[in-house]
Amino acid sequence: MSLKMARRFCLAAVSLFGVQGMVALLGAAELVIPDLPSPIPFEYGRAIHVNMATLWPLIGTMGLVYYALQEELGRDIFSQRLANWQLWLVVGSALGIYITLAFQIGNGREFFEGLPLFYAGVFLSLVLAAYNVVRTIIRARSNLTPAAAVMTIGIVFLPLLLIPNLMRFSNPIADEVVKFWVVHLWEEMAFELTTSGFIATFIKSLGLAAVPRGQHHYADRGFWHCPSLLLDRDACLLVGNRIYIQHLPIGSGCFPAAYDLQGVETSPQGNQTGKVCALVHFEQSPLPCPGGLFAGISDHHTLGESLHARNLPDLRTCAHGCIWVLGIFGAGRILLLSK
Amino acid sequence: MRMLMIIGGVSVAAFLISSFASARLPAPIPQDAVQGKKVWQSYNCISCHTLFGNGGYVADDMTHIVMKRGQDELKEFLINPPVMRPNRERLHPGVSSAEAEQLISYLKYVDTIPTLGWPPPAYTVKGGR
């Protein structure tokens, strides 16, 4: 049954992706051909395109998690009915956004150009997804795997990061900051976590990793490489991104990068169980795993991107590039604790 | 599992508390600029223009446009919009005089925000035109 639900999510995501491609072609044609007649002005066509680009990966991720959870835990998700309602809610909200934008009705915030009511629908759908996933892993807690835990963290963070975007901010900086949480943190944190868990599940389902009988959760030890390497890749991309956009001092990226590399080196080597991995990691790391997430998210917001920092650009820059990146690594470190 | 839930709960709580605390901070933004932001959003300007480097790249970045063009020139542009090249007939969206003033007030406020030199000045690539 979970696979059937996953197929529906997949179909919705692929359909939106296909339509997005057509909208993009039409928009590009309007830019190239002068005075091309178009029933939808370019600025609203682009808004539809952007919102499709945001929502099809989201819908696909929901289906991906349902599929992978069933594979990981060997049992169906908590509620098929809830998943079905959730699918219709997110698809209905998405269609509401596209139709109202086609009639030039919107809110004018990039990536949130539709009416806030429809994003509340998306949020509710995500809450249902998170509830369904959390209940699923609670029911299967005796057989919980790191991949399933990681995917759960990813799916829980999706609605959390969306919450501030349901509010209206008159200050443009606050507006940019909360938008950033979805535009970047969805992609580079929540989606990365769900995808990392999925990659681990996928590799196992291909038979590339053996799972000894009765030692299911220990067999995942080798998969620390997947999320950790993904996070390392993020470190390079994000630090580079910050240097380009905000003149980030290059040294500020070294500490988190070194921290994460240390994690990759220490966790899989010579340890018999995940718990030993976690203990080794705690002893050798300069910052405990949960501290990374805690410091990263709260400090990034309160120090780096809050209104306090509006007139302190240097503080904002460093906090933005360094502490926030550390937050991502902190999220990755929860992998170790999930064993 | 228990540790996971504890850490997750603490992180989520810290995240929410810091979010709401920051949102309540006093923001010295003039009322006209607040109205101007609404005008900016109601015309979906971000689809073509950028602010702080974010937005559409079809048209100019607006972060420091008030400093570059001046308020009178901007107001004239907004009230009597010109043809958008390469089109021959299609005009830039126009606004009322009151909306133009509010929008300019918003862009004046945006101009005061420190951006560490963003957007970078335009330059010609060697061999380019």
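What follows draws every value from the coordinates through simple rules; no lab data is involved. Since the structure is predicted, the reported quantities are computational estimates derived from the model, not experimental observations. Cβ: placed from backbone, ideal geometry, glycine included. Neighbour counts: every protein chain shown.
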Net charge around B:Gly36, counting only other residues with Cβ within less than 15 Å of its Cβ (Lys, Arg = +1; Asp, Glu = -1)? +1
By the Cα gyration tensor axes a ≥ b ≥ c (a/c under 1.5 gives rounded; else a/b larger than b/c gives prolate, otherwise oblate), the shape of segment B:28-70 is oblate
Rounded to whole Hz and in sequence order, give me ³J(HN,Hα) for segment A:91-106 from the Karplus expression 6.51 cos²θ - 1.76 cosθ + 1.60, θ = phi - 60°, writing x for Gly and Pro. 5, x, 4, 4, 4, x, 4, 5, 5, 5, 5, 4, 9, 6, 10, x
Taking the Cβ of A:Ile137 as the center, what net charge do the other residues with Cβ under 12 Å away carry, scoring Lys and Arg +1 and Asp and Glu -1? +3
Neighbours of B:Glu101 by Cβ distance under 11 Å: Lys/Arg at +1, Asp/Glu at -1, summed charge 0
Interchain or long-range residues, amide H under 5 Å from A:Phe78's placed H: A:Thr136
Expected vector for segment B:71-86, Karplus 3J(HN,Hα) from phi with 6.51, -1.76, 1.60 and θ = phi - 60°, integer Hz, x for Gly and Pro, equals 5, 5, 5, 5, 5, 4, 4, 6, 7, 10, x, x, 5, 8, 5, x
In nm, what is the difference between 0.36 nm times the number of residues separating A:Arg135 and A:Ser79 and their Cα-Cα distance? 19.3 nm
Label-point gap, in nm, between B:Val34 and B:Tyr123 - each point 7 angstrom along Cα→Cβ: 4.2
For the residues B:Tyr123, A:Tyr98, what sequence is obtained by ranking on other C-beta atoms within 10 Å, fewest first? B:Tyr123, A:Tyr98
For segment A:41-98, what does the alpha-carbon gyration tensor say about shape, rounded, prolate or oblate, given a ≥ b ≥ c as the root eigenvalues, a/c under 1.5 as rounded, and a/b over b/c as prolate? oblate
Fewest-first ordering of B:Met84, A:Met22, B:Met62, A:Met62 by Cβ atoms within 10 Å yields A:Met22, B:Met84, B:Met62, A:Met62
Could you give the length gained on full extension between A:Arg168 and A:Val19, defined as 0.36 nm per residue of separation minus the Cα-Cα distance, in nm? 50.7 nm
HN-Hα couplings for segment A:41-52 via Karplus (6.51, -1.76, 1.60; θ = phi - 60°), in whole Hz with x for Gly/Pro, come out as x, 3, 5, 8, x, 5, 4, 5, 4, 5, 6, 5
Given H placed on each backbone N at 1.01 Å, which residues far from B:Asp61 in sequence or on other chains put an amide H within less than 5 Å of it? B:Thr50
